[in-house]
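Enquirer: Submitted below is the structure of interest, expressed as structure tokens.
The values are calculated or read from the model by the stated rules, or taken from the named source; none is laboratory data. These numbers were taken from a predicted model, which means no experiment stands behind them. A quick note on method: Cβ atoms are made from the backbone with ideal geometry, for glycine too, and the neighbour counts reach across all protein chains shown. For accessibility, only protein heavy atoms count, side chains too; no ligands or nucleic acids. Shrake-Rupley method; radii C 1.70, N 1.55, O 1.52, S 1.80 Å.
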Amino acid sequence: MARSLSDRFRSRLREEPSGCLVWTGARTSDGYGNIRVGHGASRRMVGAHRVAWELKNGPVPQGMEVMHSCDNPPCVRTEHLTLGTHQENLQDAASKGRTGKARGEGHGRTHLRNEDVQSIRRLAIAGGISLRHLGRRFGVSKSTGHRIVTGQGWESVAS
């Protein structure tokens, strides 16, 4: 028997110290959660934050978008979500400096946290551990480790 949307949704959540409730399932390249909804020909991917809103509040009115007040794309905590028009969503993003390319933890395809990057740099500088070993330890390639240590990657993270 297939699990309900609500059950599938709840199984993909993690509480963070920030207060955000983070989607741990599939994500877009921008970091927004995605979940498959519907059946048959109507089956499609929908933003997890939108599904969170609809599970608690009902359908999103036509022409409205679900916006994040916490500016954390994978967050699905309904208290961090509001409705607004597309224009309001764009203005909100611009006013908060979120219209540029995602960097560091904010990039949807990374699993590294800023603390991991700082640890990689600290361990590499201390010596005695190869970039290959550091890469294995933190789940990145040797070349990614090299870019982190030399400052060619993750420049936004202070050492």
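Enquirer: Could you put Lys96, Lys56 in order of accessible surface area, largest first, with the 1.4 Å probe and the full protein assembly present? Could you put the intermediate results ahead of the total?
Expert: Details: Lys96 85, Lys56 125 Å².
These residues rank, largest area first, as Lys56, Lys96.
Enquirer: Something else now. Per residue and in Å³, how big is the convex hull formed by the alpha-carbon atoms of the stretch 1-125? Numbers along the way, then the final one.
Expert: Details: hull volume 17.9 nm³, N = 125.
So the per-residue hull volume is 143 Å³.
Enquirer: Contact order normalised by length for the stretch 1-127, with contacts defined as Cα pairs under 8 Å and 6 or more residues apart; what percent is it? Write out the running numbers ahead of the final one.
Expert: On the way: 161 pairs, mean separation 27.5, N = 127.
Result for the stretch 1-127 is 22 percent.
Enquirer: Further question: What list of ³J(HN,Hα) values in whole Hz, one per residue of the stretch 142-151 in order, does the Karplus curve 6.51 cos²θ - 1.76 cosθ + 1.60 (θ = phi - 60°) give from phi, with Gly and Pro shown as x?
Expert: Listing the rounded values in order: 4, 5, 5, x, 4, 5, 5, 5, 8, x Hz.
Enquirer: Still on this structure: Quick query: amide H of Leu13 versus all other amide H atoms, modeled in the peptide plane; which residues come in under 5 Å with a sequence gap of 5 or more or a different chain?
Expert: Thr24
Enquirer: Where does helix 86-95 land angle-wise versus the long Cα axis of the chain, in degrees 0 to 90, nearest 10?
Expert: With both axes taken from Cα atoms, the answer is about 30 degrees.
Enquirer: For the chain, what does -39500 (n - 2.57) per DSSP helix run (n ≥ 4), summed and divided by total residues, give at 222 nm, in deg cm²/dmol to the nearest 500?
Expert: On the way: 6 runs with 56 residues, N = 159.
My calculation for the chain gives -10000 deg cm²/dmol from helical runs alone.
Enquirer: Under the rule that a partner needs its Cβ under 4.7 Å from the first Cβ, which Cys of the chain have none?
Expert: Cys70
Enquirer: Report, to the nearest whole %, how much of the accessible area of the stretch 32-84 belongs to carbon and sulfur atoms, 1.4 Å probe, protein only.
Expert: C and S fraction of accessible area: 49 percent.
Enquirer: Then there is this: As a test of reading the structure, rank Trp23, Trp154 by solvent-accessible area (1.4 Å probe, protein chains only), most first.
Expert: Values: Trp23 5, Trp154 45 Å².
Correct descending sequence by accessible area is Trp154, Trp23.
Enquirer: What is the dipole size for the stretch 32-159, taken about its Cα centre, with +1 at each Lys and Arg Cβ and -1 at each Asp and Glu Cβ, in debye to the nearest 20? The partial results should precede the final answer.
Expert: Working: 19 positive and 10 negative charges, 151 e Å.
Using Cβ point charges on Lys, Arg, Asp and Glu, the stretch 32-159 gives about 720 debye.
Enquirer: Taking R0 as 22 Å, what's the FRET efficiency between Arg132 and Ala158 from their Cβ-Cβ distance, rounded to 0.05? Before the final figure, lay out each step's value.
Expert: Details: r = 25 Å, r/R0 = 1.15.
Using R0 = 22 Å, I get an efficiency of 0.30.
Enquirer: In whole Hz, what ³J(HN,Hα) sequence does the stretch 123-131 give by Karplus (6.51, -1.76, 1.60; θ = phi - 60°), x for Gly and Pro?
Expert: With the stated coefficients, the stretch 123-131 comes to 5, 5, 5, 5, x, x, 9, 7, 5 Hz.
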